[in-house]
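Single-structure report; data block below.
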Amino acid sequence: MANTRSALKRVHQTETRTAQNRALKSRVKTTRKVALSAITAGDAAAAKLAYDKFSSAADKAAKKGALTKNTASRLKGRIGSKVSALTA
């Protein structure tokens, strides 16, 4: 356990940030699963809507630092190409 007030503060900050990052990552994973299930179902309209929500969640997570910018871009690109193939 922390021995000083500043170390205790850092422990609290770390716990708070960890919880926030975990929630952001969870939201990205959930929206990604929804988008992939819409793609496998073959519903183009639902897939496009789910992709938009996933893209927003990934961008927000990257902006807040829970994901790196390149990771968010890579995930969006992979799902986006599948959505484009479905609508084409």
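Every number in this text was worked out from the coordinates using simple rules, so none of it is lab data. These numbers come from a predicted model, not from an experiment. Using ideal geometry, Cβ is built from the backbone for each residue, glycine included, and neighbour counts are taken over all protein chains shown.
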The alpha-carbon pair-distance distribution computed for the chain, with 5 angstrom bins and whole-percent values, is 3, 16, 21, 17, 13, 10, 7, 5, 4, 3, 2, 1, 0
How large is the helix-only mean residue ellipticity at 222 nm for the chain, computed as the sum of -39500 (n - 2.57) over DSSP H runs with n ≥ 4, divided by its residue count, in deg cm²/dmol to the nearest 500? -31000 deg cm²/dmol
Taking H placed 1.01 Å from N in the peptide plane, check which residues at least 5 places from residue 67 or on another chain put their amide H under 5 Å from its amide H. 62
Pick out the long, greasy-scoring helices in the chain: whole DSSP H runs spanning 27 Å or more along their own axis by Cα, mean Kyte-Doolittle at least -0.5. 44-64
Roughly speaking, what is the stretch gain from residue 73 to residue 26, that is 0.36 nm per residue apart minus the C-alpha to C-alpha distance, in nm to one decimal? 15.2 nm
Efficiency of FRET from Cβ geometry, residue 19 and residue 87, R₀ 25 Å, rounded to 0.05: 0.10
